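Please read the structure below before turning to the comments.
The values are calculated or read from the model by the stated rules, or taken from the named source; none is laboratory data. Computed from a prediction, not measured in an experiment: that's the story for all the values here. Don't worry about glycine lacking a Cβ; one is built from the backbone with ideal geometry, like all the others, and counts go over all protein chains shown. Remember, those area values only see protein heavy atoms, side chains included, never the ligands or the DNA or RNA. Shrake-Rupley method; radii C 1.70, N 1.55, O 1.52, S 1.80 Å.
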Amino acid sequence: MCVTLCPAVLSLAVADVVEDLPHGIDTQLGKWFSEGRQLSGGEWQRVALARALFRGAPIIVLDEPTASLDVQAEEAVFEQMNAEETRATKILISHRFSTVRMADEILVISEGKLIERGTHSSLVTAGGVYAKMYAIQAKGYLDG
């Protein structure tokens, strides 16, 4: 499995991070090591996502996995997560609707209770809490 996942993981916009490290993939990460390299928030997030996908776990739980990434890196991450090589079940926790739109199923939780469940399209059509929150975020992208 590593043979197919290793190149895929590096294509996850993490290859450039590894290339910039003084000892490449063998560089220790973190300022607590005497020769450790400190990464930016986005670089740490990309490394963590690559590690999660590399392990080949059947279930991956991701909490705001692209919060520190730019738009291009976020797109690359989601393309990779939806690629054939990464067949894991992914549980994604996010407040960003650009992130959750492509989910097979969306669960809306409020005060610890499940209040809505469905696809992006069905939840928008239903006009409930999800639809209202989506409209608020989408308003920021619309002209006028």
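For the range 131-144, residues that are open to solvent by less than 100 Å² (accessible area, probe 1.4 Å) and either modelled with pLDDT of 90 or more or in a helix (DSSP H, G or I) (or both) total 6. Pairs meeting the criteria (first residue in the range 35-59 and closer than 22 Å to Arg87 by Cβ, second residue open to solvent by 40 Å² or more (accessible area, probe 1.4 Å) and aliphatic (A, V, I, L, M), beta carbons under 6 Å, at least 6 apart or on different chains) are Gly56/Met1. Within the range 81-112, the set of residues being closer than 15 Å to Tyr130 by Cα and hydrophobic (A, V, I, L, M, F, W, C) comprises Ile93, Phe97, Val100, Met102, Ala103, Ile106, Leu107, Val108, Ile109.
Would you pick out the residues in the range 60-87 that are touching a strand residue (DSSP E or B) at 6+ places or on another chain (Cβ under 9 Å) and at pLDDT 80 or above? Within the range 60-87, Ile60, Val61, Leu62, Asp63, Glu64, Pro65 meet the criteria. In the range 11-27, the residue that is surrounded by the fewest Cβ atoms within 10 Å (Cβ to Cβ) out of those that are in contact with a helix residue (DSSP H, G or I) (Cβ under 7 Å, 6 or more places away or on another chain) and at pLDDT below 80 is Ser11.
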